[in-house]
Amino acid sequence: MDYSSYPRHDVLCIDMRSFYASVECTRRGLDPSTALLAVVGDPSRSGSIVLAASPALKKKHGISNVSRFFELPDDPQLVIAQAHMGDYLEVSVEITKMIMNYVPPEAVHVYSVDELWVTIDGLEKLYGSPYDIARMIQDNIRDQFGIECVIGIGDNKFLAKVVMDIHSKKADDGIAECRYEDVERMLWPTPIEDIWGIGRRMMRNLNRMGIVTLGQLAKHPVKYLKKHYGIMGEQLHQHAWGIDLSPVIGDFTKTEQKGYGHGVTLLRDYTGEELPTVILDLCEEACRRARRDHQAGRTVHLSVAYSSETGGGFSRSMSMDLPTNITMDMFHLCMRLYRTFYDGESKIRRTSVTLTNLDDDIATQLTLFDDRPKKKDIGNVMDEIRDKYGSTAILRASSFTKAGITPERSKKIGGHFA
């Protein structure tokens, strides 16, 4: 492979090790590398998921992030911490701010709450080699936040991410570097299921083609990969050679909004009579976000998944002539879908609503039909009250019934307690 025509950058991929557990250890004055600590979504429920385990707990008892609360060992040294998502987000933001002391905001691409890319082009004269810069950032995160991190260094985001996943986590200093010329030696022997971006389904498909390692993927004729997987097949082939043309500088927080949706996995099986209350709460939040961005939508989607006992469900959509961001407009359309496609008997465990086919809110403001202006005024007033006094400052009466979900959801971030 002739890499001369491909861009070369100095990109770091930084991953905070056992991030949630490390934050909880730091709060308690414990050493994250030696403490036995598990972060649990809701300790009051035995089936709650272990969101994070400290490295020592993983090593001693084999606890992983897919374990359940009841599977934790009866160890007197074990510390159980309830998840505090707000705290983790706050620490994540502070770490990002610290990194922006060295690079401009457009050089930082936050991938998740505990992982990000940093482009450090042109910093050699100030701070030394890419390895020196990685070590400096690693030391600063440890000193300021008490959190260990691993760092991958590469010519692009893909190389930095993959070498971090495969080699940095095993390195003594937690840092590994992979350039184009190192791909064959460092990455090709790796099983494809260990490569970022290749899921179980793709792994099975590639295995059926006789492709087991990244090296075999690189040597497989690209025309056959394109035949089977289209543009994705070509991208797989490029990644196997360490090539990634995605931008390393830019506004990575700006994305095109295609819809406003909300969904929930219910904590118990809901009856058909109870679900409308949940749907109304979800429509309220979706429309509130649309109003905030001065957007309205013409198409409403409703998805309902039945409990595991019966299985199945449905996902349907319906459009209207005029775009809307009025809660009751969206709710009434959802209810038409619900009454049409619900089987009338099955218990329900998950539902979601989405407002799509967006347009500027001015389209709804210009209409002179019915009492739409009054409905919009009511929605705007409710939004202002919530913005000033909190998301639960004013709620519909149905939200306080047994079937309501908003009061409980308001205490959580990403499904876990804030």
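Taking region 272-309, which residues are more than 23 Å from the chain's Cα centre (by Cα) and assigned to a loop (DSSP other than H, G, I, E, B)? Residues satisfying the conditions are 272, 273, 274, 294, 307, 308, 309. None of 10, 74 is of a type outside the set (A, V, I, L, M, F, W, C) and touching a helix residue (DSSP H, G or I) at 6+ places or on another chain (Cβ under 8 Å) except 10.
Taking region 230-271 as the range and being among the small types (Gly, Ala, Ser) and in a strand (DSSP E or B) as the test, the residues that pass are 259, 261, 263.
When region 184-228 is examined, which residues are found to be open to solvent by less than 20 Å² (accessible area, probe 1.4 Å) and part of a helix (DSSP H, G or I)? If the condition is that a residue be open to solvent by less than 20 Å² (accessible area, probe 1.4 Å) and part of a helix (DSSP H, G or I), then 192, 206, 214, 215, 217, 218, 225 are the ones that fit. Cβ separations smaller than 9 Å between residues 6+ apart or across chains give the following pairs from region 159-182 residues that are modelled with pLDDT under 95 to residues that are small (Gly, Ala, Ser): 169/176; 170/176. Cβ contacts < 6 Å: first residue over 15 Å from residue 147 (Cα atoms), restricted to region 18-44; second residue open to solvent by less than 10 Å² (accessible area, probe 1.4 Å) and in a loop (DSSP other than H, G, I, E, B), any location; separation 6+ or different chain. Result? These pairs meet every condition: 39/83; 40/48; 41/48; 41/83; 42/48.
Pairing each residue of region 221-247 that is under 21 Å from residue 154 (Cα atoms) and modelled with pLDDT of 95 or more with any residue that is open to solvent by 50 Å² or more (accessible area, probe 1.4 Å) and in a loop (DSSP other than H, G, I, E, B), provided the two are 6+ apart or on different chains, yields C-beta distances under 7 Å for 239/197; 241/1; 243/6. Taken across region 127-147, residues that are in contact with a strand residue (DSSP E or B) (Cβ under 8 Å, 6 or more places away or on another chain), at pLDDT below 95 and under 28 Å from residue 42 (Cβ atoms) do occur, with at least one present. Restricting to region 337-360, what's the tally of residues that are assigned to a strand (DSSP E or B) and open to solvent by 10 Å² or more (accessible area, probe 1.4 Å)? Result for region 337-360: 9. Of all the numbered requirements in (1) open to solvent by 40 Å² or more (accessible area, probe 1.4 Å); (2) at pLDDT 90 or above, residue 334 misses one, and that requirement is (1).
Among the residues making up region 60-83, those that are open to solvent by less than 70 Å² (accessible area, probe 1.4 Å), within 17 Å of residue 41 (Cβ to Cβ) and not small (Gly, Ala, Ser) are 63, 69, 72, 78, 79, 80, 82. For region 63-92: of the residues being small (Gly, Ala, Ser) and more than 16 Å from the chain's Cα centre (by Cα), which is modelled with the highest pLDDT? Only one residue tops the list, namely 81.
The values are calculated or read from the model by the stated rules, or taken from the named source; none is laboratory data. Note that the structure is a prediction, hence the values are computed from the model and not measured. Reconstructed Cβ throughout: ideal geometry from the backbone, glycine too, with neighbour counts over all protein chains shown. Calculation scope for accessible area: heavy atoms of the full protein, side chains included, ligands and nucleic acids excluded. Shrake-Rupley method; radii C 1.70, N 1.55, O 1.52, S 1.80 Å.
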